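Inspection log for the structure reproduced underneath, given as structure tokens.
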Amino acid sequence: MPVSITVDDELAQRLEQQAHARRVSLQQWALQVLRRAPDFPDQAEGWRELNARRFQLISQRHRGGLTAAEEAELAELQTVADRWLEPSDRQRLEMLKPYEELALQLTRQSDE
């Protein structure tokens with residue numbers, strides 16, 4: 001059953017870049033993404049699988065290298081990881097602020 005969907009420009013560009021990096025058509029890539037979507041009903045579960053793939057590619061890069069398509073996939077997965085971890089990173093940075101302020105005070109005192 002053919003179905004047409006409309007996506008915003010940003011999503012269309014991201015999908016197009018991802019398809020280009022994998023050397024497949026936009027339609028092929030969109031179908032692959034949609035076929036995988038039901039496999040990740042839970043975001044945390046999906047994240048674990050994506051992150052496992054990211055680690056696999058990082059390990060492979062150090063063992064012998066990646067193909068251009070794998071490099072593109074790793075870059076994409078790293079972007080996803082950055083977005084996924086950003087809220088907790090921000091929270092951790094907020095927790096460090098008192099220590100940064102203390103270090104600054106101690107540095108000023110030692111300079112005097």
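Here, each number is a calculation from the coordinates, and none is a lab measurement. No experiment lies behind these values; they were computed from the predicted model shown. When we count neighbours, we look across all protein chains shown, and the Cβ atoms used for this are built from the backbone with ideal geometry, even at glycine.
Computed values, structure above
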quantity	calculated
Stretch gain in nm, segment L66-Q32, where the contour uses 0.36 nm per residue and the Cα spacing is subtracted	10.1 nm
Calculated FRET efficiency for the pair V7/Q56, C-beta based, R₀ 41 Å, to 0.05	0.90
Of S110, L74, Q91, farthest towards positive along the dipole that unit charges on Lys, Arg, Asp, Glu beta carbons give region 43-112	L74
